[in-house]
Every structure is written in structure tokens, then in C-alpha cells.
Amino acid sequence: MIGQELPSRRTVLMYAGGAAASGAALLIVGCGSRSRREQVRAAPPSVRHQDVEVLGVLLDLEHEAVAAYTASIPLLPGPAVKAGMQFLAHELAHGGELAGLIKDAGGKPLPPAPSYALGSP
């Protein structure tokens, strides 16, 4: 029984050490003088016309997320509304960025669908 527990603990410690090292590396990399947003804007991605279809699918997913947050925020309890609004703002920003990338690649971003099958709570 003890012999069976040791490999499990060893494995857990091995993964924990790897995760800690990865986290430390990300922390060091993230401590640059510029924010992540500034870093991304300083090196905009090169978008090709072939990318438009994939970006369009991603934009549609963002539209669906916006619809889901818009529909669900009124159902949230008081303190959760603020978080829901923040997530909604993020999704709207993501959609705007994707629409800009689609335009940069020579495509036309599609508007949100008239409705989405969101299910029920």
C-alpha cells in the first residue's frame, strides 16, 4: 500500500515543481516595462486574407457571448451584476478587435445574428 502511494506523491510533486517554474517564468516575462496591451499594439499581427474565415468564426462566438451576457445579466443577483457587466465589456472589446482584424485582412465582419439559441437557466 505504501509503495502505491509514493509514485502518486512523487508525480504530484513533480507536476507542482513544473507548474511553479512555469508560473515564475510567466511572472518574469510579464514584468516588462510595458503593459500587455501596449506590447500587443506595438507588434500588431499580420493578418492574411486566408485568416478571414477563422476570424469570422471567432467573431461569431464573441457575438454569441455578448448575447449570453446581455440575456443573463438581468438574472444575476446584485453583487454579480458588476462582474457580468465587466465580462460583457471584455467580450464587446474582443469583438471589436476581431472586426478590425477582419477589415485589415480585406474582409467584411458579419454583424451579430438576430438571435442565438442560449437555452434557459
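So here's what we get for this one:
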| read-out | value |
| --- | --- |
| Least to most buried among LEU92, LEU98 (fewest other Cβ within 10 Å first) | LEU92, LEU98 |
| Alpha-carbon radius of gyration plus Dmax, which is the widest Cα pair, for the range 46-121 in Å | 14.2, 44 |
| Residue order, fewest to most beta carbons within 10 Å, for GLU97, GLU62, GLU38 | GLU38, GLU97, GLU62 |
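Values quoted throughout were computed directly from the atomic coordinates according to the rules given, and no laboratory measurement underlies them. A quick note: this is a predicted structure, and the numbers were derived from the prediction, not measured. Please note: Cβ atoms are built from the backbone with ideal geometry, for glycine as well, and neighbour counts cover all protein chains shown.
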